[in-house]
1. Going by what's in this entry, would Lys124 be described as in contact with a strand residue (DSSP E or B) (Cβ under 6 Å, 6 or more places away or on another chain), modelled with pLDDT under 95 and among the basic types (Lys, Arg)?
2. Please enumerate the residues belonging to region 85-120 that are touching a Phe, Trp or Tyr at 6+ places or on another chain (Cβ under 7 Å) and β-branched (Val, Ile, Thr).
3. Step by step: first the residues of region 115-148, then only those that are away from the ligand (no atom under 13 Å from the Cβ), open to solvent by 30 Å² or more (accessible area, probe 1.4 Å) and in a helix (DSSP H, G or I), then the one that is farthest from Ala172 (Cα to Cα). Which residue is that?
4. So how many residues does region 35-49 have that are open to solvent by less than 80 Å² (accessible area, probe 1.4 Å), in contact (Cβ under 8 Å) with a residue 60 or more places away in the chain and farther than 21 Å from Lys119 by Cα?
5. Among the residues of region 105-114, how many are open to solvent by 50 Å² or more (accessible area, probe 1.4 Å) and touching a strand residue (DSSP E or B) at 6+ places or on another chain (Cβ under 9 Å)?
6. Could you look through region 149-170, keep only residues that are assigned to a loop (DSSP other than H, G, I, E, B) and within 9 Å of the ligand (Cβ to nearest atom), and pick out the one that is surrounded by the fewest Cβ atoms within 10 Å (Cβ to Cβ)?
7. From the residues in region 19-74 that are part of a strand (DSSP E or B) and not hydrophobic (A, V, I, L, M, F, W, C), which one is nearest to Val98 (Cα to Cα)?
8. Could you grab me the full set of residues in region 20-34 that are basic (Lys, Arg) and open to solvent by less than 60 Å² (accessible area, probe 1.4 Å)?
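The values are calculated or read from the model by the stated rules, or taken from the named source; none is laboratory data. Since we're looking at a predicted model, the values are computed, not measured. Virtual Cβ from ideal backbone geometry, glycine too; neighbours counted across all protein chains shown. Ligands, DNA and RNA are excluded from the accessible area calculation, which covers all protein heavy atoms including side chains. Shrake-Rupley method; radii C 1.70, N 1.55, O 1.52, S 1.80 Å.
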Amino acid sequence: MLCMLQNLDILIRHDAIQKRVKELAQEIEKNYQGRPLVVVGVLKGAFIFMADLVRHIEMPLACDFLRVSSYNKDRSTGVVRMDFDMTQPIVGKDVLLVEDIVDSGRTLSYLLKHMETKKPSSLKVCSFLYKETGAGMRARVDYIGFDVPDRYVVGYGLDSEGLYRSLPYVGAFKE
Ligand code: 5GP
């Protein structure tokens, strides 16, 4: 593992992540002002970010998850597939969708369409990372943790072929 990690440039350190996650949680708390919230995490990538985020949001909230696949061996196939959906109805609820990273924006567009058919009373998006690739989805993401360059990033939930999710920081492979 150690020698694999030597191939990584650290882009965002653990302490910077923790500080930003707390700030996001405070912003979210302020914006909902105690209205109960359903936080929906997109698996698998968002699981660590969501776990940290919800523990800093001091208001009533429910957690749910869904899973989509959009990548094949680290390359976008361009096709988003729903592997499994949420377990609770969101009709009439305030919903916060939690993503690991928005890259081409295909996954987010797919999910927004999907969630809107379920008629939540509001639908906001929080993404841990935002990769500026010209996809123009920025306006649709209400809360962004960090901007990252157009490199393949891993750690803090994000994987490469199933590995690296447990790293406490975000890194990118050396070029
Ligand atoms: P999009 O549909 O926006 O192109 O990509 C969204 C999904 O692709 C993310 O939820 C994530 O699973 C994966 N993805 C996109 N860019 C990266 C990256 O740099 N690193 C990792 N690990 N996954 C990525």
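1. Working: in contact with a strand residue (DSSP E or B) (Cβ under 6 Å, 6 or more places away or on another chain): yes; modelled with pLDDT under 95: no; among the basic types (Lys, Arg): yes.
So Lys124 fails the test.
2. Within region 85-120, Val98, Ile101, Val102 meet the criteria.
3. Ranking the candidates gives Glu116 first.
4. Filtering region 35-49 down to residues open to solvent by less than 80 Å² (accessible area, probe 1.4 Å) leaves 37-43, 45-46, 48-49.
Those left that are additionally in contact (Cβ under 8 Å) with a residue 60 or more places away in the chain: 38, 40, 42, 45-46, 48-49.
Right, trim to farther than 21 Å from Lys119 by Cα and you get 45-46, 48-49.
Adding up the residues that qualify gives 4.
5. Initially, region 105-114 is screened for residues open to solvent by 50 Å² or more (accessible area, probe 1.4 Å), giving 106, 110, 113.
If we keep only those that are touching a strand residue (DSSP E or B) at 6+ places or on another chain (Cβ under 9 Å) too, we end up with 106, 110.
Here the count works out to 2.
6. First, the residues of region 149-170 that are assigned to a loop (DSSP other than H, G, I, E, B): 149-152, 156-157, 159, 161-162, 164-169.
Among the residues that remain, those that are also within 9 Å of the ligand (Cβ to nearest atom) are: 150-152, 157, 159, 164-165.
Values: Asp150: 11, Arg151: 13, Tyr152: 15, Gly157: 25, Asp159: 17, Tyr164: 21, Arg165: 17.
By that ranking, first place goes to Asp150.
7. If we filter region 19-74 for residues that are part of a strand (DSSP E or B), which is where we start, we get 37-43, 61-72.
Now narrow it down to the ones that are not hydrophobic (A, V, I, L, M, F, W, C): 41, 64, 67, 69-72.
On the way: Gly41: 5, Asp64: 10, Arg67: 12, Ser69: 15, Ser70: 16, Tyr71: 18, Asn72: 21 Å.
In this case the residue turns out to be Gly41.
8. Arg20
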